[in-house]
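The values are calculated or read from the model by the stated rules, or taken from the named source; none is laboratory data. Remember, predicted model here, so these are calculated numbers, not experimental data. Note: ideal-geometry Cβ built from the backbone for every residue, glycine included; neighbour counts use all protein chains shown.
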Amino acid sequence: MAKKIVIPEKYRIWIEVRRRYHLSDAQIQMARELGLNPHKLGKIVNEKQEPWKNPLPQFIEEIYFKRFHKSQPEVVQSLEEMIRAHQEKNAEKKARKSEIKDKSTSSETDSSSTEQAKL
């Protein structure tokens, strides 16, 4: 049975935004790098009632270009790839911590046994 991937809330919101507003992975990454609030994107999307507004994908690309002077991020990662990398990093961190803990407990037992041998 495959492991179920637990998606953190900060990524779950962006997955919902990507689905709701039909954005690409690059556009989501641009919006995240710009620091846009995913809860407030609905105000920007209102181009049908307010025709002077650009559609959301074009708006994100335009302000990204203004801020960073490039049309796209150099490396585009999907949210799923970011989640997977985050979970792998946490698993490695947990493994290192457990190794350190195991070493410290084994050295404590070794030192206590040598102390008893001296007595």
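Numerical summary
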quantity: Output for segment 85-119, where each listed residue is modelled with pLDDT of 90 or more and of a type in the set (Lys, Arg); calculated: Lys89, Lys93, Lys94, Arg96, Lys97
quantity: Scan of segment 40-83 for residues that are among the hydrophobic types (A, V, I, L, M, F, W, C) and in contact with a helix residue (DSSP H, G or I) (Cβ under 8 Å, 6 or more places away or on another chain), ordered by number; calculated: Leu41, Ile44, Val45, Leu56, Phe59, Ile60, Ile63, Phe68, Val76, Leu79, Met82, Ile83
quantity: Condition broken by Asn90, with the remaining ones in (1) in contact with a helix residue (DSSP H, G or I) (Cβ under 7 Å, 6 or more places away or on another chain); (2) outside the structural domain of His22 (by TED's automatic domain parsing); (3) not basic (Lys, Arg) satisfied; calculated: (1)
quantity: Condition check for Ser71: closer than 22 Å to Gly35 by Cα and of a type outside the set (Val, Ile, Thr); calculated: yes
